[in-house]
Every structure is written in structure tokens, then in C-alpha cells.
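Read-outs: derived from the displayed coordinates by stated rules, not from any lab. Quick caveat, the model's predicted, so the values are computed rather than measured. Counting neighbours? That spans all protein chains shown, and the Cβs are built from the backbone with ideal geometry, glycine included.
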Amino acid sequence: MKFSFKSNRFVKVISTVFCIAVACIILSYLFVYPLWFFADKKPHAFSITIFVIFILFLAYKVVYKIKAYLTFENPDIIEKKKRIRRLVKGLFFWGILILSFLIIVSLVLNGYRAFSFIPLVLGIVFCGFLQKK
């Protein structure tokens, strides 16, 4: 099989790869550089900003999940108990995840990086127990 540099297909493939690489470089510069600059110049403000965004996202997900569970049309008593049980398990699951995340962040920021492994493992184990039916 001969490979010709004069073929249009080869030029199209190379130009496509080049355009994708240029687009990735431009997009990464537009998004990553400002975040890196903000994190480098004001790390405390950056940490608080990321934490607030994370908490707002989790609050939105919890409220949406509760609203979805409570606005079910005309459930019977057994179905309602199952839905409430799943809701409580979901809230415990997210509570464990949030608590372990906060403990890990606190330990890392206070310089105890080796001890941050403990809440990670415990969070995974407890969340695994909650997922069993």
C-alpha cells in the first residue's frame, strides 16, 4: 500500500488534527489560565469560591431530589414508604459524601495529608453500605 503525501485525504486528516489541537490550546488557555491565575494570586478566595459553588450545586441537587420525591401523583401507602426510604437513604448518602469531603479538605489544608486517606476510605465504605438493598 503506497502512502502519498499528495492525497487529499492525508491533507484533510492532518488539517483536522491541527485544527483540533489549536482549538484545545485556545480553549484551555481561555478557561484554565484565569482559574490558575486566580488560584495562584488569591488561594484563600479561590478556595472559598470553589467551596461555595460546590455547596450551591449540592443544595440544588438535594432540593430537586426532595421535590421530585414529594410531588409524585397519588402514590399508594407502600409506594410512598419506599420513596421516603429511598429519599432518606439518598440524603444520608450525600451527607456522608459532603462530610467526608469537608474533613478531607480540612485535613489537607491544615497539613495532614496522610490522614486525609482515612475519611476517604470510611466515606466509600459507608456509602457502599447505604447502596445495598
So how tilted is helix 43-70 from the main axis of the chain? Cα-based, degrees 0 to 90, rounded to 10.
60
Quick check: the distance between the Cα centres of the range 76-117 and the range 8-60, to the nearest angstrom?
28
Nearest-ten-degree value, helix 77-109 long axis tilted from longest Cα axis of the chain:
60
P(r) for the chain: what percent of alpha-carbon pairs falls in each 5 Å bin, starting at zero?
2, 8, 10, 11, 11, 10, 10, 9, 8, 7, 6, 5, 2, 1, 0
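Applying 1/(1 + (r/R0)^6) with R0 = 25 Å to the Cβ-Cβ distance of Phe117 and Tyr69, what FRET efficiency is obtained, to the nearest 0.05?
Working: r = 34 Å, r/R0 = 1.37.
Step by step, r from the Cβ atoms, then E = 0.15.
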With 0.36 nm assigned to each residue of separation and the Cα-Cα distance removed, Ile50 to Thr16 gains 8.7 nm
Once the Cα atoms of helix 8-41 and of the chain are each reduced to a long axis, what angle between those two axes, in degrees from 0 to 90 to the nearest 10, is obtained?
50
Is it possible to state the helix-based mean residue ellipticity at 222 nm for the chain, with each DSSP H run of 4+ residues giving -39500 (n - 2.57), the sum divided by total residues, to the nearest 500 deg cm²/dmol? What is it?
-29500 deg cm²/dmol
Quick one: if you stick a label point 7 Å off each Cα along the C-beta vector at Ile98 and Lys82, how many nm between them?
2.8
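About its Cα centre, how strong a charge dipole does the chain have in debye, to the nearest 20, once Lys and Arg get +1 and Asp and Glu get -1 at the Cβ?
Numbers: 19 positive and 4 negative charges, 109 e Å.
The calculated dipole for the chain is roughly 520 debye.
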Please give the FRET efficiency for Leu35 paired with Leu58, using the beta carbon to beta carbon distance and R0 = 30 Å, rounded to the nearest 0.05.
0.90
